[in-house]
1. Sort out which residues of the range B:269-294 are out of contact with any helix residue (DSSP H, G or I) (no Cβ under 7 Å at 6 or more places or on another chain) and surrounded by fewer than 17 Cβ atoms within 10 Å (Cβ to Cβ), and write them in order of number.
2. Given the structure, is residue B:86 under 21 Å from the mean Cα position of the chain (by Cα) and crowded, with 18+ Cβ neighbours inside 10 Å?
3. If we keep just the residues of the range A:267-284 that are under 23 Å from residue A:84 (Cβ atoms) and exposed (fewer than 15 other Cβ atoms within 10 Å of the Cβ), which is farthest from the other protein chains (Cβ to nearest Cβ)?
4. In the range A:436-465, which residues are over 23 Å from residue A:378 (Cβ atoms) and part of a loop (DSSP other than H, G, I, E, B)?
5. If only one of A:112, A:107 is surrounded by fewer than 18 Cβ atoms within 10 Å (Cβ to Cβ), more than 20 Å from the chain's Cα centre (by Cα) and in contact (Cβ under 8 Å) with a residue 60 or more places away in the chain, which one is it?
6. What number of residues within the range B:1-42 satisfy the criterion of being under 41 Å from the mean Cα position of the chain (by Cα), in a loop (DSSP other than H, G, I, E, B) and at the interface with chain A (Cβ under 10 Å from one of its Cβ atoms)?
7. Would a scan of the range B:220-234 turn up a residue that is touching a strand residue (DSSP E or B) at 6+ places or on another chain (Cβ under 7 Å), over 16 Å from residue B:97 (Cβ atoms), surrounded by 23 or more Cβ atoms within 10 Å (Cβ to Cβ) and assigned by TED's automatic domain parsing to the domain that holds residue B:122?
8. Return the residues of the range A:310-330 that are more than 14 Å from every other protein chain (Cβ to nearest Cβ) and modelled with pLDDT of 80 or more; say none if nothing qualifies.
């Protein structure tokens with residue numbers, strides 16, 4: 001079989017596997033499958049999160065070790081991942097195969113190296129320097145995180161809704177999840193995809209920080225594409241299918257080559273081969289990035305990210321933000337040093353309570369998970385989000401750890417309290433409108449209940465006396481699950497709402 | 001052009017690739033074993049900074065009169081001299097009450113003349129360094145400036161240590177409300193002797209703020225939550241810090257609107273200073289200056305029951321002098 005066909009099969013296999021992992025990570029299908037394997041095997045995630053936290057997060061021998069493993073493979077074989085595995089790369093490949101010109105001349109021109117392809121290295125350097133300041137923004141552009149987020153928040157809900165409209169059932173078990181602001185996530189995703197119609201693999205070649213990282217690590221590759229100048233008749237047909245725009249017709253740009261093997265197939269003279277230790281002079285080992293630009297990128301990142309944080313474009317440094325993070329989340333600063341906005345947690349959440357933050361969690365918090373108790377509630381027995389989190393931003397809890405029966409990884413005691421409910425007595429029916437209610441108390445899941453009632457005698461407007469059950473919160477027992485807020489019958493802002501954990505001692 | 005590489009070149013290239021792979025793998029293994037940045041360090045149990053008793057010298061002294069400098073000197077003399085507490089080479093940490101950005105006459109902070117005299121005495125005794133530290137409620141720079149405590153420290157040869165984020169760490173106090181609490185640890189870790197100097201103040205919630213409550217100024221974290229269990233916290237502080245010496249600065253007494261004061265009517269001239277090794281006893285004595293009794297201060301009883309001192313100050317060998 002032609003090697004390029006083997007590659008196509010590999011690409012198809014990994015794209016299907018990627019989508020299958022996302023599909024299987026949705027409650028209630030999730031059943032111990034390693035559904036976050038793509039995110040864990042992403043070297044940019046491994047490297048950047050390790051820089052941000054000073055620690056390589058791992059679960060036994062897996063976790064972010066996988067990304068290091070892939071980086072070692074890249075050292076030996078070059079950017080095989082980009083050409084053979086990356087699902088976002090494959091999608092772009094598919095888009096330009098469908099949408100780009102069929103003419104050989106147009107394709108040769110489209111696959112020529114453009115001198116601004118160095119931009120991805122600047123992006124990489126800026127993001128990694130930001131990570132060194134514990135400001136982790138790789139998730140905005142990391143292709144795996146971007147694809148995971150886009151499928152979860154936009155593609156799946158749209159397909160699900162479409163299937164339901166056609167009467168074909170749906171992907172989601174009960175009803176289509178909704179994600180606030182998913183339109184923007186979708187626009188970013190499809191803009192990058194459709195750019196492939198203009199320039200094949202525009203994102204991979206010019207933007208992708210993961211590709212840039214692997215480009216740097218390709219430098220020492222012992223197997224690579226080699227052109228035999230004696231055999232080559234300079235027809236340039238090797239550019240026809242060159243995914244990386246890596247100049248196989250000249251001196252190979254090793255950092256750009258995605259090892260797609262198309263040049264080897266397309267060469268009419270068999271001048272191109274994938275060779276063990278070819279002569280050094282047939283490739284340029286380093287990316288085409290001037291030292292001046294590299295330094296400016298580093299300095300830029302060192303100025304941009306900390307000043308954004310200082311300038312309040314990000315989170316309050318007080319450590320008690322007004323939004324609620326999933327159970328097991330690190331305190332805000334540590335959370336932001338780990339969260340890659342892949343939204344795997346949103347995908348796994350059975351109640352849809354997890355939502356991608358817009359700017360309400362600060363610029364840094366864009367598309368990180370926050371809880372919207374009016375959309376869903378946090379099931380107190382559920383710990384799925386931590387189990388799919390690839391970086392440990394949400395720690396893995398067992399249900400017993402969450403309920404406080406077993407020792408918690410954060411060393412805290414008692415149940416995990418993600419927030420505390422409090423009453424808006426001006427909106428609450430028994431408090432303000434002499435109307436019986438206490439749905440909140442009924443649904444409160446803790447035992448004993450954190451929400452309890454006191455019988456109080458009130459004089460109604462018509463002068464009659466009656467006894468009202470009025471709800472109160474015990475802040476020691478409240479875990480902030482938000483089912484009270486979710487079930488509160490008051491429209492608009494609920495009469496009982498969950499805010500940051502109140503922190504009684 | 002030759003299509004094959006030389007053996008030397010092949011070894012070099014395979015070696016470089018292998019070395020890079022090994023470095024990456026080794027680095028990953030090492031990094032996987034490191035503590036994550038921001039993870040809480042191991043809690044630190046504070047040592048005792050107390051010194052041995054001195055034969056013939058009392059453990060507590062009450063000096064009346066003025067000026068403040070003279071009161072400090074006389075008190076030290078009665079206790080057996082500063083040499084009993086500070087030996088050459090000591091790093092002395094003095095913890096005044098610098099809680100508020102307010103002038104000294106308002107009586108909400110330690111009298112700078114008392115601090116100056118104590119810093120000077122420690123320097124005279126041959127201290128290598130005298131550190132003056134507090135984690136005030138108001139902005140630290142302003143507190144040390146307006147109270148005069150910063151200037152007094154520097155004039156006497158000491159050094160003000162303003163609290164920085166990195167100076168705080170968790171304290172080990174198992175079974176107490178403060179276990180794992182963030183404390184202004186760095187100066188404590190440096191110190192070989194610790195001296196507290198607290199004013200005598202009315203306090204809205206605790207009733208009185210004196211030498212024991214003064215240690216509250218070493219706490220970081222969300223210490224505003226500790227008002228939910230204030231007496232328990234103060235009693236715990238009495239066991240957390242075992243100082244070399246405690247000073248109760250009654251040169252001014254804040255009798256109302258505490259602990260901030262703000263008006264001349266809130267302050268009276270106390271002209272008294274007590275010094276000793278038992279903060280619980282000193283506070284029991286201090287209660288009398290506020291015209292209450294030790295029994296009115298719940299935390300004194302709690303501290304006494306836990307064996308951190310005696311709330312019956314008269315039971316101690318106390319010398320009373322007037323200058």
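The values are calculated or read from the model by the stated rules, or taken from the named source; none is laboratory data. None of these values were measured; they are calculated from a predicted model. Note that we place each Cβ from the backbone using ideal geometry, even for glycine, and neighbour counts take in every protein chain shown.
1. If the condition is that a residue be out of contact with any helix residue (DSSP H, G or I) (no Cβ under 7 Å at 6 or more places or on another chain) and surrounded by fewer than 17 Cβ atoms within 10 Å (Cβ to Cβ), then B:269, B:288, B:291, B:292 are the ones that fit.
2. Details: under 21 Å from the mean Cα position of the chain (by Cα): yes; crowded, with 18+ Cβ neighbours inside 10 Å: yes.
Yes; evaluated as a whole, the condition is true for this residue.
3. A:270
4. A:436, A:460, A:461, A:462, A:463, A:464 - these are the residues of the range A:436-465 that are over 23 Å from residue A:378 (Cβ atoms) and part of a loop (DSSP other than H, G, I, E, B).
5. On the way: A:107 fails: surrounded by fewer than 18 Cβ atoms within 10 Å (Cβ to Cβ).
When all the criteria are applied, what remains is A:112.
6. Qualifying residue count, the range B:1-42: 7.
7. No: the range B:220-234 contains no residue that is touching a strand residue (DSSP E or B) at 6+ places or on another chain (Cβ under 7 Å), over 16 Å from residue B:97 (Cβ atoms), surrounded by 23 or more Cβ atoms within 10 Å (Cβ to Cβ) and assigned by TED's automatic domain parsing to the domain that holds residue B:122.
8. Within the range A:310-330, A:322, A:323, A:324, A:325, A:326, A:327, A:328 meet the criteria.
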